[in-house]
Amino acid sequence: MDNTFQVDAAEYTPIASSKQRLARGYGFVSAGTHTLLGITMLTLLFLTSSSVLIKGIEVFLSLSMLAASGMMWSELMLTPRQSPGVVLLAGEVALAAVFLYLGVAISAFHQGYATPTIALAQFVTALVGLISGCGALALAGSVKAARPQGVVKFPDMVRDGVQLITGTFLLGIGVSQLAAAELKVPQWNWISCLGITIPGMLILVGREGLKERFEGVQGLSRVPCQLIIDVLLIIGLSIMLYGSYTNLTSGANGYQVGIKGNATGFTLWMIAALLLVGVRGTFKLAFEHRSADLWYRVLDKLLYVMMLIPFIYGVRSVFTGQPPIVHVGAAAPQAILILLGAFLILVIGRAVGQKGST
């Protein structure tokens, strides 16, 4: 998706031939995967009985995925004549297309326009698209030049924010599916998605910009800066997870759904939030000077996932009124695959894609 191999030297540093081969090899895999995804999306929509309008939207989104894969093939085949901006655009186009396709396809299913089998195939296709897309974003980040310390770069901010959002979104889906008797198509409500989930996502993306800006801060001033970053993380996550719950689980307008509350769940939520601020925040303050080291980034992202899981169970308990108990149903094998994809994005993908600043 966001694969960049031979681009402007001002933006990307030369990489070793072995890394070039790896990047180029994954580039072909990524381009091929997204071509197949576009074809699959296009094929599945013709197996539904949706209205002309819905079919038209799904055709547009499927063609957008194919257009993004076409940019990748162009990058691989015609690199000397390809603009870096076009290549960077491919990743965002593909992820946006598959996310909107997910919403349109699920909405059509619940309106009776698709059979459960076709809707499930569309759901799985969208999940694969989200995972593979973030893999391409991670690769693009791994081959770029280190960003000057304290300099905010919009492409980096968006790329890092999108990976954080997508991995967290998939982790929430995996947790929901873990308790199900079978892998099932979730609900969908556009008001909750556009009016609650998306604003929460935007907070998380903006937070990535602040992280870049605060990198140059020295001394005790780093403490309030880190606190602001962590508080924004908690606020953005809470809003996004509430929107995702009312959207994907309840299928209801989040502005009309009341929070039922649960004391145990609220306690777990607060403990997880405090751990994100206290433990992970302290770790970052103590070792942020090692951000160029891969071990630091992996451990940092691993701490995030370890604290995100109880955070999700806590907020869901507060929203539903049910105790935060881990239930495992017959859909566990499929749910574990979704959770594994989320883990790879949040830990491996983000650690590899984020380079230390210079």
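The values are calculated or read from the model by the stated rules, or taken from the named source; none is laboratory data. None of the values given here were measured: they were computed from a predicted structure. Ideal geometry is used to build each Cβ from the backbone, glycine not excepted, and the neighbour counts take in all protein chains shown. Surface areas here come from the heavy atoms of the whole protein model, side chains and all, with no ligands, DNA or RNA. Shrake-Rupley method; radii C 1.70, N 1.55, O 1.52, S 1.80 Å.
Points worth noting:
- Checked against a 32 Å cut-off, the cross-linked pairs Lys153/Lys184; Lys55/Lys260; Lys153/Lys284 give Cα-Cα distances beyond that limit for Lys153/Lys184; Lys55/Lys260.
- Solvent-accessible area, 1.4 Å probe, carbon plus sulfur percent, for the chain: 71
- Counting Lys and Arg as +1 and Asp and Glu as -1 over every other residue whose Cβ lies under 10 Å from the Cβ of Leu303, the net charge comes to +2.
- Computed over region 110-248: relative contact order in percent, which uses C-alpha pairs under 8 Å that are six or more apart: 33
- Modelled this way, with points 7 Å down the Cα-to-C-beta line, the labels at His110 and Thr267 are 3.4 nm from one another.
- Residue-wise HN-Hα coupling along region 155-163, computed from phi with Karplus coefficients 6.51, -1.76, 1.60 (Hz; x: Gly, Pro): x, 5, 4, 5, 4, 5, x, 5, 5
- Applied to region 25-31, the Karplus parametrisation 6.51 cos²θ - 1.76 cosθ + 1.60 on θ = phi - 60° returns per-residue 3J(HN,Hα) values of x, 5, x, 5, 4, 5, 4 Hz, with x for Gly and Pro.
- GNM flexibility winner over the chain from Gly91, Gly112, Gly236 (Cα, springs under 10 Å): Gly112
- Per residue, the average separation of C-alpha pairs within less than 8 Å and at least 6 apart gives the chain a relative contact order of 22 percent.
- Coupling constants for region 186-199 follow from the phi torsions by the Karplus curve (6.51 cos²θ - 1.76 cosθ + 1.60, θ = phi - 60°), and in residue order they are x, 7, 7, 9, 5, 5, 5, 5, 6, x, 10, 4, 4, x Hz; glycine and proline get x.
- Where only DSSP H runs of four or more residues are counted, the chain gives -22500 deg cm²/dmol as its mean residue ellipticity at 222 nm, each run worth -39500 (n - 2.57).
- Distance between the pseudo-spin-label points of Tyr255 and Ala179 (7 Å out from Cα toward the beta carbon): 2.8 nm.
- Candidates Val257, Val158, Val124, ranked by Gaussian network fluctuation over the chain, Cα under 10 Å, top entry: Val257
- Surface analysis of the chain yields an accessible area of 43 Å² per residue, using protein heavy atoms and a 1.4 Å probe.
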